[in-house]
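Report on the following structure.
What follows is calculated from the coordinates using simple rules that are stated; it is not laboratory data. As the structure is a computational prediction, the values presented were derived from the model and not from experiment. Glycine also receives a Cβ, built like all others from the backbone with ideal geometry; neighbour counts cover every protein chain displayed.
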Amino acid sequence: MRWVSIGIAAAVTGAVVAIVLGHAPPLAWLAWALAGPIAIGLFSIFSLRDTKQRAMPLYGERAAVTWTLRIGWVLAFVGVVLAALRLADWAGRL
């Protein structure tokens, strides 16, 4: 669950940076990286470790973890879209 929490924090930070500081292209790229590859990578680490745990004889699945991961994916998507819009706005003004 730790990896999901860190991934959600990265996605939210990316979205906030895109909204507040996204007018500067380097910060918009940073926001995109935080909400995109970094957050998705963290979710992937969780999924990999969770899959290994599911293969064990005793595994207690919790619905809260599944829903938290889904919320994380949505937040990452929103962060990537916001950053991409900022980058597209910047590129359109060149």
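The table below lists the values:
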item: Residue tally, condition under 12 Å from Phe77 (Cβ atoms) and exposed (fewer than 14 other Cβ atoms within 10 Å of the Cβ), over the stretch 1-44; result: 0
item: Total residues in the stretch 46-59, condition surrounded by 15 or more Cβ atoms within 10 Å (Cβ to Cβ) and in contact with a helix residue (DSSP H, G or I) (Cβ under 6 Å, 6 or more places away or on another chain); result: 1
item: Total residues in the stretch 62-72, condition surrounded by fewer than 16 Cβ atoms within 10 Å (Cβ to Cβ) and either in contact with a helix residue (DSSP H, G or I) (Cβ under 8 Å, 6 or more places away or on another chain) or closer than 23 Å to Trp29 by Cα (or both); result: 2
